[in-house]
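Here the structure comes first, spelled out in structure tokens, and everything after it is commentary.
The values are calculated or read from the model by the stated rules, or taken from the named source; none is laboratory data. The shown structure was predicted, so the numbers you read here are calculated from the model rather than taken from an experiment. Using ideal geometry, Cβ is built from the backbone for each residue, glycine included, and neighbour counts are taken over all protein chains shown.
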Amino acid sequence: MKKAGLFTAIALASSTIICAAQQSGKAVPPPSNRSYTTGELGPAAEWKPTQEFLTRMYAACDKKAADYDKCFMGQMSNAGAPPEVVHSTRMIYRSLGEVAIVTDFKSAGPVDMARVEFPLRATDNAGLLLVNGDPKVLDVDAMDKLNRREMEAAPHFQAVKQKYPNADVWPGDHGGAMWPQVTALPDSGIEIVIGYPILDGCPTCTHVGLALFGWDFDAKGKFVKTRYIPLPPPPKKLRRESVPPPPAAVP
């Protein structure tokens, strides 16, 4: 995709997510002065790995495939990572089977959000996890958890498929600065709204649409379901006759 088109798609996706989230419920302010137990991930789990650390880690662990996770976490400790950081990597590994480093953390309520880096992935190293709920760790790119039945029945997606038969929803880009919108549910739970690109058949193919899914949790943080969020209709174009004339030049 051309760079200008990509920027347009990102801007459209951001505004659409905000609009859809506003329609789905009231935004939830982040919790203040929350304390985290030993078994949870919190702000202390944040750590920014340097390229020097990654180079040394690869050199030390590449030949230890059977115990890669232990070697990786040992290298983290050797590099000065605090115990909370190593604990977060261990917790994620036990849940997902992948080593990951929490680079950013945001409180959201009964569950929280963590941006992570998967250093062993060849591409798409940035990830987004929903943590401290039940289950303890959820990867928003677990595509099997998305409610595809609702999406495939939606007029918007059907229109995209009619024009692009190979189009499908793919994992999103989680390397940006914006956090997903969090909205309140009637049962005191929360919904976290995640946007996913609709691509024309492959990870590097043309971006042809956007799909929004809400990840719903109850008041105790138990994962309930995902739901497809219908996109609002596009804004009507401003008619030419309604555009005000430019101001007259001042002599």
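Residue pairs, Cβ under 6 Å, 6 or more apart or interchain, first in segment 38-60 and within 23 Å of ASP134 (Cβ to Cβ), second surrounded by 15 or more Cβ atoms within 10 Å (Cβ to Cβ) and of a type in the set (D, E, K, R). List them. These pairs meet every condition: ALA44/GLU84; ALA45/GLU84. Residue pairs whose Cβ atoms lie under 7 Å apart, separated by 6 or more positions or on different chains, with the first residue in segment 121-141 and within 13 Å of GLY175 (Cβ to Cβ) and the second outside any loop (DSSP other than H, G, I, E, B), are ASN125/GLU117; ALA126/ARG115; ALA126/GLU117; GLY127/VAL116; GLY127/ASP139; LEU128/MET113; LEU128/ARG115; ASP141/GLY127. Provide a single number: the residues in segment 37-87 that are surrounded by fewer than 16 Cβ atoms within 10 Å (Cβ to Cβ), modelled with pLDDT of 90 or more and outside any helix (DSSP H, G or I). Residues that pass the stated criteria total 4. The number of residues in segment 103-116 that are of a type in the set (Asp, Glu) and surrounded by 21 or more Cβ atoms within 10 Å (Cβ to Cβ) comes to 1. Please tell me if ALA100 is surrounded by 21 or more Cβ atoms within 10 Å (Cβ to Cβ) and in contact with a helix residue (DSSP H, G or I) (Cβ under 7 Å, 6 or more places away or on another chain). When the stated conditions are applied, ALA100 passes them.
Of all positions in segment 106-118, at least one carries a residue that is more than 15 Å from ILE190 (Cβ to Cβ) and part of a loop (DSSP other than H, G, I, E, B). Kindly check whether there is at least one residue in segment 110-123 that is closer than 30 Å to GLN51 by Cα and among the β-branched types (Val, Ile, Thr). Yes, that holds for at least one residue. For segment 173-195, give me the residue count where each residue is of a type in the set (Val, Ile, Thr) and under 12 Å from GLY109 (Cβ atoms). The qualifying residues number 4.
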